[in-house]
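Before any comments, here is the structure.
The values are calculated or read from the model by the stated rules, or taken from the named source; none is laboratory data. Here the structure is a predicted model, which is why all the values come from computation and not from measurement. Counting neighbours? That spans all protein chains shown, and the Cβs are built from the backbone with ideal geometry, glycine included. To get the accessible areas, we keep the full protein, side chains included, count just its heavy atoms, and leave off ligands, DNA and RNA. Shrake-Rupley method; radii C 1.70, N 1.55, O 1.52, S 1.80 Å.
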Amino acid sequence: MYKKLLIGISLIFLGCGSGSNSNGKNNNSNNVTVPINNPTQTTDKYSYIPKEINQTIAIRFLNKASFGANDDSIKELQSKGILKWLDEQLNMEYDDNIYLKKMIVLAKQAEPDVFTNTVEEYLDENNDIVFNKSKASFQSPRYRMTSWFDVALNSPKQLRYKTAYALSQIIVESDFEPMFTRRAEALANYFDILAKNAFGNYQILLEDISFSSGMGLFLTYNGNKKEYLNDANVSVYPDENYAREIMQLFSIGLNQLNIDGTPKKDNNGNLIPTYTQTDVNEIARVFTGWDLRSNNKYGAVGFRRGDFTHNLEFTDKYHDFGEKLVLGEKVQANLSGEDDVKRVVSIIMKQPSVAPYISKNLIMRLTKSNPSPAYIQRVATVFRDTNGNLKEVIRAIFLDPELWDDLKNNKLEKFKEPIIAYTQFLRTFKTNPMPYYFFCFETPDENASNCNKVTNNYLFNDTRSYLNQGPGLAPTVFNFYDNSYIPNDEYFKQNNLVAPELQIQTDSMLINYSNNYYSTLLKREKNYILAQTYKIDDEEINYNKIEDFIKDSPKLDWRAIWIYYRGDDKYLLDMSDEYDVIQEVAGGSFDNIKYYKDENESILDTKISMALVNHLDYKLLGSQMSDEEKKYIVDKIVESGIIRSDYSHKAQVYQHLILPMIRYILTIDKYMTE
């Protein structure tokens, strides 16, 4: 096994583990189990699922089934049990257009003079009002990213939206399309389509995606025309981009698969392709005649052209109505444009490789990087037998005995995506929207009267600089990483194990990842903000309310710039639980904590540091850290004591104990794995 305790690419032994996965003793004294109130939690069929869920299993399960475990979700899961929790999640209704609605609400607050219509008017497909067409706002990616984080952090329907995110890495659409850098509403609509169909039928999902304006732009079949002669008397054929990817990436893959995901081979031992170039040509003929709504010139593309939030519209003049032959089946002539597409999708869905291909991809994105053929076969059989019912497929993935063997034996089987590590951090520490902030296009005056006021909302910017990924930000249609990626490590090579997520966890990414946590923790923790002293015109000021701090932010120093600089994220963290742990051990007062008197005396008491690391280990990891690992972190914290400054004791405790300790834990291997 190879691992680094702190920041680095943690190539740990996937699937080897016992409860500790380290050389030190694992202190699980706080890892209590909670009796389940649901007497039908287990049946003989699911007898391998524990009746009582301890903290470790709850956190690891929720990190797969949601955007990160937090106190509320852990308690809910422990109270209800796995089967009841899963059943409730799978049966929660979809929130219609949730991503697009949240995006529009923020846009209307940030640019009220631009977005003057109501949310309902922008969503109504029966009028000529098109969101963001006239402006093509450079800010739209911020609005769209904020809507995604809002849903990930707050929706109780975590499994639906986590599944939608997993699907976004199979059916990829991203801002690699230049139009989306100013018309990001296309990506909000795309995530709404994924969320709507996350527990529906995969065939309907493929149909809905095929009719969507965003995919038409991203894979370039909007404005597609049937074969014609151009002015130079040369035949121009329909664009093949989507025709290829709907098979290669979105449904059947390149080569035929057995039901267990292993490749089929012919009598000579060769792989068998799933489709031919002729199939691509024929499907390309189907995707002709489709273009953006509200586009005054067929096929024209521009920042201020067309409707990016509603389905493509059909123009029969440019459609090929002839008979097609796709994957050995006929698509009869003279079908309507819509029926042509649906017929092709139905033919694709009949292919035996769809079930194992999609099932394996979903398993890899949700639960396990190297699932056994038996795990894939069990899930793929459900996919096949239910004709692509994703609700039952997701149920099968999360109830599979292989997953539960991994969870019960604390086998680490998947590296965490950086974006999931980040959302877990935000959810764990009770991230809340700002009561208000200033959205400024120029330097604010002392009252920010030249800025727009955004109330009860977040602001999230592009995450690629510190995560190497983000929702809807894949660099190509092939996603962020390759499913077949094997790290440059002997254990992985010898055992032919993949770890796709490590492909984007470069050294520079991990440094930026850690630095971003430092910046975030330093700026946005509400108790720390209020514990500091500020100056206005040389007069010292302390704040009792965040609202007052925000109001004065244009008059304050660098610590308040993030309130009005639109390139900085806007949200508040809450470390009240961590302050309480320290205060209790300190005898009820931060003033009891020792501070420097000379260079040989530490500011931080080892007892207090150990209490905090035990608390954070339980809260973030379910007590998976060894005593050796905890001592290492405590020693590093205590050794870095500082000379007492003008800060209050509470501010010192946060900056020099809580902040660095959380930052350490967020970069260790146990946090970066599932």
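Cα centroids of region 254-333 and region 461-487: 25 Å apart. Note on the chain: helix-only mean residue ellipticity at 222 nm, from DSSP H runs of 4+ residues weighted -39500 (n - 2.57) and normalised by residue number, equals -12000 deg cm²/dmol. Against the chain, whose longest principal axis comes from its Cα atoms, helix 55-65 is set at around 30 degrees. In this rough spin-label picture, where each label sits 7 Å from Cα along the Cβ direction, the Asp72-Glu329 distance is 4.5 nm. Each label point was placed 7 Å from the Cα along the Cα-to-Cβ direction; for Thr476 and Glu628 their separation is 4.1 nm. Packing, as the average of other Cβ atoms within 10 Å across residues, places the peptides 72-81, 121-130, 138-147 in the order 138-147, 72-81, 121-130, highest first.
Using θ = phi - 60° in the Karplus curve 6.51 cos²θ - 1.76 cosθ + 1.60, the 3J(HN,Hα) couplings for region 566-571 round to 6, x, 10, 5, 10, 6 Hz; x is entered for Gly and Pro. The angle separating the long axis of helix 354-366 from the principal Cα axis of greatest extent in the chain is about 10 degrees. Near the amide H of Gly223, within less than 5 Å, lie the amide hydrogens of Trp290, Asp291, Leu292, Gly299, all on another chain or at least 5 residues away, with H placed in the peptide plane. Charge tally around Arg60: other residues with Cβ under 13 Å, Lys/Arg +1 each, Asp/Glu -1 each, net +3. Accessible area per residue for the chain, computed on protein heavy atoms with a 1.4 Å probe, is 40 Å². For the chain, the longest principal axis of the alpha carbon atoms and the long axis of helix 373-385 meet at an angle near 50°. Please compare each pair in Lys196/Lys330; Lys607/Lys670; Lys430/Lys636; Lys133/Lys226; Lys157/Lys493; Lys108/Lys157 to a cut-off of 32 Å on the Cα-Cα distance and tell me which ones are over it. Violating the 32 Å limit, Cα to Cα: Lys157/Lys493. Taking amide H as placed 1.01 Å from N in the peptide plane, Asn255 has its amide H under 5 Å from the amide H of Thr274, each at least 5 places away in sequence or on another chain.
Which one is right for this structure if Cα extents along the principal axes in Å is calculated from it: [x] 97, 80, 46; [y] 166, 78, 37; [z] 87, 62, 47? Answer label, from the structure shown: [z].
Please report, as a whole percent, how much of the solvent-accessible surface of region 303-426 comes from carbon and sulfur atoms (probe radius 1.4 Å). For region 303-426, the apolar C and S fraction of the accessible surface comes to 45 percent. Taking 0.36 nm per residue of separation and subtracting the current Cα-Cα distance, fully stretching the chain between Met92 and Asn126 would add 9.4 nm. The amide H of Tyr436, built 1.01 Å from its N in the peptide plane, has Asn456 as neighbours under 5 Å, considering only residues 5 or more places off or on other chains.
With R₀ set to 51 Å, the beta-carbon distance separating Lys45 from Thr116 gives a calculated FRET efficiency near 0.35. A simple rule links phi to the HN-Hα coupling: the Karplus curve 6.51 cos²θ - 1.76 cosθ + 1.60 with θ = phi - 60°, which for region 254-266 gives 7, 10, 5, 10, 6, 5, 8, x, 6, x, 7, 9, 7 Hz, with x for Gly and Pro. In this structure Glu282 has an accessible area near 30 Å², from a 1.4 Å probe over the protein heavy atoms. Here the spin labels are modelled as points 7 Å beyond Cα on the Cα-Cβ line, and at Ser465 and Asn542 they lie 3.4 nm apart. For region 173-291, the fraction of 1.4 Å probe accessible surface lying on carbon and sulfur atoms is 49 percent.
Shown in residue order for region 536-542 are the 3J(HN,Hα) couplings computed by the Karplus curve 6.51 cos²θ - 1.76 cosθ + 1.60 at θ = phi - 60°: 10, 6, 6, 9, 6, 9, 10 Hz (x for Gly and Pro).
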